[in-house]
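The values are calculated or read from the model by the stated rules, or taken from the named source; none is laboratory data. Only a predicted model underlies this, so the values are computations on that prediction, with no experimental measurement involved. Cβ coordinates were reconstructed from backbone atoms using ideal geometry, including for glycine residues, and neighbour counts include every protein chain displayed. Just so you know, the surface numbers come from the protein's heavy atoms only, side chains and all, with ligands and any DNA or RNA stripped out. Shrake-Rupley method; radii C 1.70, N 1.55, O 1.52, S 1.80 Å.
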Amino acid sequence: MSEKVSDFYCDEVFSGRTPVEKVLETENVLAYHHTRPFWPVHIVVVPKRHIASLLEADDAILIELFAVIKQVAATVSAEHGAARVLTNLGEYQDSKHLHFHVNSGEASR
Ligand SMILES: [Zn+2]
């Protein structure tokens, strides 16, 4: 593992350095198509302010996050017949900014 603390969302997405294709946006939450998808359908749902992981998220942002996740997952599930909702913690978490993967299909890596 790299020792550098990686935060793709603050460094790239919210800075505007990496343009993203938005799926859904609320006041505090953004859903967009992953820039390097590893499932055939791969949407990322992130809080717009920095929250390190699920364990640091307060109830208010979780309610807003899950409202978006639910809506995105419902669409993916309806269009593709199945969906997963996933968040990683600890060494599994590549970018140290809370994010949920909504995906469908078999992983390519
Ligand atoms: Zn961040």
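Among the protein heavy atoms, those of GLU21 account for about 120 Å² of accessible surface (1.4 Å probe, every chain in place). Highest-first packing order for the peptide set 76-89, 29-42 is 29-42, 76-89, based on the mean count of other beta carbon atoms within 10 Å.
Accessible area per residue was computed with a 1.4 Å probe on protein heavy atoms; HIS50 scores about 100 Å². Here the contact order of the chain, divided by its residue count and restricted to Cα pairs under 8 Å and six or more residues apart, works out to 32 percent. Taking the Cβ of GLU56 as the center, what net charge do the other residues with Cβ under 14 Å away carry, scoring Lys and Arg +1 and Asp and Glu -1? It works out to a net charge of -1.
Applied to the stretch 43-58, the Karplus parametrisation 6.51 cos²θ - 1.76 cosθ + 1.60 on θ = phi - 60° returns per-residue 3J(HN,Hα) values of 10, 10, 10, 9, x, 6, 9, 6, 10, 5, 6, 3, 5, 9, 7, 8 Hz, with x for Gly and Pro. Computed over the alpha-carbon pairs of the chain, the distance histogram in 10 Å steps reads 14, 49, 33, 4 percent, short to long.
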